[in-house]
Amino acid sequence: MQGFRHNTRLKLNRARDLAGVPFVVNSAYRCKEYNRAVGGSERSAHTKGYAMDIKCLESRDRFKILNALLSVGFKRIGVYGTFIHVDDDPTLPTNVIWYG
């Protein structure tokens, strides 16, 4: 994954293995111009290679993915209708889960 932080990628791979379901990526690294075009935050972890949005449409898969992300140590998770945002940007608040 071009532009993606090594430790973030390793944690995501461990989480995917634990979840036992595919991690279909909606969005990962974004250049600042593209991030602006899609309405991303100025401080978006996507622009620093710390974030990924994982497609998720089923509640059982959502549970498996969330459980795995928390198990490997992610502390920034956003739950949306069709995807789960996860990042480990050290410059942003931790121990947060939000719903959007």
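The values are calculated or read from the model by the stated rules, or taken from the named source; none is laboratory data. Keep in mind it's a predicted model, so treat the numbers as computed, not measured. Backbone-built Cβ (ideal geometry, glycine too); neighbour counts: all protein chains shown.
For the reader, a short list of remarks on this structure follows.
- Subset of segment 46-60 that is of a type in the set (Gly, Ala, Ser) and at pLDDT 95 or above - its residue that is farthest from residue 28 (Cα to Cα): 59
- Criterion: assigned to a loop (DSSP other than H, G, I, E, B) and either within 21 Å of residue 5 (Cα to Cα) or out of contact with any helix residue (DSSP H, G or I) (no Cβ under 6 Å at 6 or more places or on another chain) (or both) - qualifying residue of 47, 91: 91
- Just one of the listed residues (63, 83) is over 14 Å from residue 96 (Cβ atoms), modelled with pLDDT of 95 or more and surrounded by 19 or more Cβ atoms within 10 Å (Cβ to Cβ), namely 83.
- Given (1) of a type outside the set (Gly, Ala, Ser); (2) within 19 Å of residue 75 (Cα to Cα); (3) touching a residue at least 40 places away in the same chain (Cβ under 8 Å), number of the condition residue 21 does not satisfy: (2)
- Flag for residue 12 being on the phi < 0 side of the Ramachandran plot, under 12 Å from the mean Cα position of the chain (by Cα) and either touching a residue at least 60 places away in the same chain (Cβ under 8 Å) or surrounded by 19 or more Cβ atoms within 10 Å (Cβ to Cβ) (or both): yes
- Residue 14 in a helix (DSSP H, G or I), more than 21 Å from residue 98 (Cβ to Cβ) and out of contact with any helix residue (DSSP H, G or I) (no Cβ under 7 Å at 6 or more places or on another chain): yes
- Counting only residues that are in a strand (DSSP E or B) and without any contact (Cβ under 8 Å) to a residue 40 or more places away in the chain, segment 52-88 holds 9 of them.
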